[in-house]
Amino acid sequence: MNLPRYEDYEGEFLDAMATRFGFTGKNSLIFEKRFLEDNREVTHEGLVANSKFAEKLIEGTKNGDAARIFRQQLAAICDKLEAAGCPPPSNGDSRWANAKCWLREVVFPQWAKEQGLVTPPPFTIDKIWQQLKTKAIDSNLLEVVIGKELRELPTLGNRRNNSRKSVPLNSDIKYQVKVEREGYLILLEREPSGVVCCLCPSEYAPNSRCATGVMVLPQYPPSPYSTFGSDEVGREQILAVITQKLPPIDWLKKSKDEALELDRDHLYGLLEYVEGNRDCQVLWTEYSVV
């Protein structure tokens, strides 16, 4: 989907969020002041140093401490956002910075869609897939192996491409991904029919977190499936995206329980994420089922 620029709707969005989460009075003031994009680099002390803002914070108190009120109420705001679904920070970020990121990356797209501000992507699934392929590197890091041939991959410096370019119909196959830096894996399959499915995360590979080294899919166990099937003649395409952070893409959770067939909006959302995060690594390979 084509999202509007956050900056163009920030004020309206923050007002709506203050209403949604019940922030009133001083909490509303603190929320909108602290979560404003222009104040991202401003410290709490810097915000409270504004005399007019500080006066509003201590209004109605005796010998009020504006800085203390700000900290206490901001903590209460973060409590409420985390109770509403914001995951607690895991990478050392402060709670408010983490919550700000969640609001912008997860809640804003939902809100924009509710407001009718989202336009459909201009491309077909085929064009979006082709654009994702242009992001891929030409490497031997993604391989297709018939199940009985599964082997340990050698070190990167000694590797040669042993990936299958064709497999017999009804073969049991596995995919091997050489992960150069830890992160999160999204693995997509495009079937000969043109259907695109997410294989990781899915019931075949429920854990998208990947450490450096070789990642073999399916993840058996915990997956009940030890191999993928190959029951359709034609060209199969496999595209892998390795991200540094867990992407705030809502359909990933849905796919974890059952491999999700992706529509145009799903795929376009992934393309937008890849284009907006240069640290993503995209791998691609194809093979024929004969």
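The values are calculated or read from the model by the stated rules, or taken from the named source; none is laboratory data. Predicted model, so just to flag it, every value in this text is computed and none were measured. Glycine also receives a Cβ, built like all others from the backbone with ideal geometry; neighbour counts cover every protein chain displayed.
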The conditions are (1) loosely packed, with under 14 Cβ neighbours inside 10 Å; (2) under 22 Å from Thr124 (Cβ atoms); (3) within 14 Å of the chain's Cα centre (by Cα), and Leu270 fails exactly one of them. Which is it? (1)
Residue, surrounded by the fewest Cβ atoms within 10 Å (Cβ to Cβ), within segment 97-122, restricted to residues that are over 23 Å from Ile77 (Cα atoms) and not β-branched (Val, Ile, Thr): Gly116
Checking Asp93 against (1) modelled with pLDDT of 90 or more; (2) under 21 Å from the mean Cα position of the chain (by Cα); (3) outside the structural domain of Glu189 (by TED's automatic domain parsing): exactly one of these is not met. Which one? (1)
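Please go through segment 67-96 and pick out each residue that is aliphatic (A, V, I, L, M) and either farther than 18 Å from Ala18 by Cα or surrounded by 15 or more Cβ atoms within 10 Å (Cβ to Cβ) (or both). Steps first, please.
Restricting attention to segment 67-96, the residues satisfying the condition of being aliphatic (A, V, I, L, M) are 67, 69, 74-77, 81, 83-84.
Within segment 67-96, Ala67, Ile69, Leu74, Ile77, Leu81 qualify.
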Out of Val167, Val195, Val177, I need the residue that is of a type outside the set (Ser, Thr, Tyr) and closer than 13 Å to Val216 by Cα. Which one? Val177
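Would you please name the residue that is modelled with the highest pLDDT, looking only at residues in segment 100-123 that are part of a helix (DSSP H, G or I) and more than 16 Å from Ile249 (Cα to Cα)? Spell out the reasoning first.
Taking segment 100-123 first, the residues part of a helix (DSSP H, G or I) are 100-114.
Keeping just the survivors that are more than 16 Å from Ile249 (Cα to Cα) gives 100, 114.
Working: Lys100: 95, Glu114: 90.
Ranking the qualifying residues of segment 100-123, first place goes to Lys100.
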Of (1) closer than 25 Å to Trp251 by Cα; (2) part of a loop (DSSP other than H, G, I, E, B), Leu81 satisfies every one except (2)
Can you confirm whether segment 243-253 contains a residue that is buried (at least 20 other Cβ atoms within 10 Å of the Cβ) and in a helix (DSSP H, G or I)? yes
What are the pairs with Cβ atoms under 7 angstrom where one residue, in segment 60-83, is within 15 Å of Gly25 (Cα to Cα) and the other, located anywhere, is small (Gly, Ala, Ser)? Sequence gap at least six, or different chains. Ala66/Ala54
